[in-house]
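Visitor: Quick one: the structure is below, questions incoming.
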Amino acid sequence: MKKLLSVVVGCYNEEEALPYFYKEICEIAKKMKELNFEFIFINDGSKDKT
């Protein structure tokens, strides 16, 4: 059974950057086939649509 790696991402006013970040981190996760990943995004009081 694969180990689980949880990636916790604090987000504050990152509406524009998050899609790029998510795309890149998913590409990295695909290359690390020995692990399962979960991504947890925490909205830290953003004033935009994060």
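Visitor: Name the pairs: first residue in region 36-50 and closer than 20 Å to LYS3 by Cα, second residue surrounded by fewer than 11 Cβ atoms within 10 Å (Cβ to Cβ), Cβ to Cβ under 6 Å, at least 6 apart or on different chains?
Guide: ASN36/LYS2; ASN36/LEU4; GLU38/SER6; ILE40/VAL8
Visitor: Select from region 1-27 the residues that are open to solvent by 90 Å² or more (accessible area, probe 1.4 Å) and in contact with a Phe, Trp or Tyr (Cβ under 9 Å, 6 or more places away or on another chain) and list them in ascending order.
Guide: LEU4, VAL8, TYR22, listed by residue number.
Visitor: Can you tell me which residues in region 3-50 are part of a strand (DSSP E or B) and under 11 Å from the mean Cα position of the chain (by Cα)?
Guide: Residues satisfying the conditions are SER6, VAL7, VAL8, VAL9, GLY10, CYS11, PHE37, GLU38, PHE39, ILE40, PHE41, ILE42.
The values are calculated or read from the model by the stated rules, or taken from the named source; none is laboratory data. Predicted, not measured: the structure shown is a model, and the values here were computed from it. Because the Cβ atoms are built from the backbone with ideal geometry, glycine has one as well, and the counts that use them run over all protein chains shown. Just the protein is used for accessible areas: all its heavy atoms, side chains included, with ligands, DNA and RNA removed. Shrake-Rupley method; radii C 1.70, N 1.55, O 1.52, S 1.80 Å.
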